[in-house]
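All remarks here apply to the structure that follows.
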Amino acid sequence: MSKLLEVENLKMHFPVKGGVLMRQRGLVKAVDGVSFFIRPGETLGLVGESGCGKSTLGKAIVRLYDPSAGKVVFDGQDITKLGQGSLRPLRQGFQMMFQDPAESLNSRFSVAQVIREPLDIQKLGSVADRDAKVRELVEAVGLPASSVDKYPSELSGGQRQRVGVARAIALNPRLIVLDEPVSALDVSVQSQVLNLLVELQEKLDLAYLFIAHDLAVVKHISDRVAVMYLGKIVEVASSEEIYKNPKHAYTKALLSAIPQTDPERQGQRIKLEGEVPSPIDPPAGSAFGHRIKHPRYEETIGMDLALVEIAPDHWVAADPCCLSEEDWEKAQELM
Ligand SMILES: Nc1ncnc2c1ncn2[C@@H]1O[C@H](COP(=O)(O)OP(=O)(O)OP(=O)(O)O)[C@@H](O)[C@H]1O
Ligand SMILES: [Mg+2]
């Protein structure tokens, strides 16, 4: 089973500076030891509440950041420490698309310019070739041909996101990190953009890392889902397994935030209170155990809460605060 992307123990820490002398006062551990992989053509959903480190992880993978530690291997090549010069040709293979099309698209650029910028940067083909490619991309994402001369601000939110998609696929990438690609859109428009993404994925054999707040959006589009809490992945499994058989208390809490039509699930709601704590001084033990004031929290201080394969292809953090008694016993045998 080949892997297109492999992420190993990735960390992205930001220094916090303060005081008159702007001395370093601490570290924001936005991503703190994350490992996962994505297969060619696969969609991995990445979910978690605001502030848990999803965007930072996405940016570190596509090397918009220089990771603090760990490894990012794309298509067999370690890209973690490559300088921007060596990265440039490889960038064709992996792209990132952001949530807010208005913010991420240069407002002084016409739609045509936005889409052709990556082609210009990579100096692909002649000027005429690039013009032709832009027209082809506009059509591929379902925008009217006349939109090339408009400015992104003249388009609807859904159309702007289509421009973002056209730009992201311009260089025939194999992986796109989609950072909340539909969160800013009306529900009716969301499904149109999701359908476009699915259609393009099949046509172009694309792999996606699909970032979203809630599990509902991710469910339909993902093959597997990774759940992130305070800089760490706490559970990964196939989409079906995550929804039918969640093991981690945080996953269960996120799931119970989705309005349920399934009567068996109703009544099992776990309420998520408060917010994700600051990653500047994360709890020393189980971060979610700390939030839910679990009686076994003290035990987890200094404990290795690494992922274990609790069922085939179903990985969960070995954490006594966040597993059922039965699963915790099993996890200990696997450690
Ligand atoms: N450049 C930075 N410098 C310092 N701290 C940062 C930086 N970028 C992100 N952070 C912090 O890292 C944590 C994770 O932020 P991130 O944006 O990755 O979360 P997120 O999961 O994408 O949230 P959201 O769902 O709101 O988009 C937050 O506490 C944030 O304040
Ligand atoms: Mg984000």
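The values are calculated or read from the model by the stated rules, or taken from the named source; none is laboratory data. Only a predicted model underlies this, so the values are computations on that prediction, with no experimental measurement involved. Don't worry about glycine lacking a Cβ; one is built from the backbone with ideal geometry, like all the others, and counts go over all protein chains shown. SASA here: full protein model, heavy atoms, side chains in, ligands and nucleic acids out. Shrake-Rupley method; radii C 1.70, N 1.55, O 1.52, S 1.80 Å.
Tabulated data for the structure shown
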quantity	calculated
Residues of the range 207-227 classified as among the small types (Gly, Ala, Ser) and either more than 17 Å from VAL62 (Cβ to Cβ) or not assigned by TED's automatic domain parsing to the domain that holds LYS59 (or both), total	3
Odd one out for VAL138, checked against (1) more than 16 Å from ligand 2 (Cβ to nearest atom); (2) within 23 Å of the chain's Cα centre (by Cα)	(2)
Among the candidates LEU119, LEU171, LEU124, LEU178, residue that is in contact with a strand residue (DSSP E or B) (Cβ under 6 Å, 6 or more places away or on another chain) and not β-branched (Val, Ile, Thr)	LEU178
Condition check for ALA317: in the same structural domain as GLU42 (by TED's automatic domain parsing), at pLDDT 95 or above and surrounded by 19 or more Cβ atoms within 10 Å (Cβ to Cβ)	no
Single residue of LYS232, LYS203 found to be in the same structural domain as VAL111 (by TED's automatic domain parsing) and within 14 Å of the chain's Cα centre (by Cα)	LYS232
Scan of the range 278-335 for residues that are in contact with a strand residue (DSSP E or B) (Cβ under 9 Å, 6 or more places away or on another chain), part of a loop (DSSP other than H, G, I, E, B) and either on the phi > 0 side of the Ramachandran plot or among the aliphatic types (A, V, I, L, M) (or both), ordered by number	ILE280, LEU305, ALA306, ASP313, ALA318, LEU323, MET335
Members of the range 57-93 that are farther than 13 Å from ARG174 by Cβ, outside any helix (DSSP H, G or I) and among the polar types (S, T, N, Q)	SER68, THR80
Residue selected from the range 204-220 under the condition surrounded by fewer than 21 Cβ atoms within 10 Å (Cβ to Cβ) and touching a residue at least 40 places away in the same chain (Cβ under 8 Å), by the criterion farthest from ligand 1 (Cβ to nearest atom)	ASP205
Complete set of residues in the range 203-250 that are of a type in the set (Ser, Thr, Tyr) and closer than 26 Å to PRO40 by Cβ	TYR208, SER222, SER238, SER239, TYR243
The listed residue being away from ligand 2 (no atom under 16 Å from the Cβ), farther than 20 Å from SER222 by Cα and open to solvent by less than 30 Å² (accessible area, probe 1.4 Å), out of GLY26, GLY19	GLY26
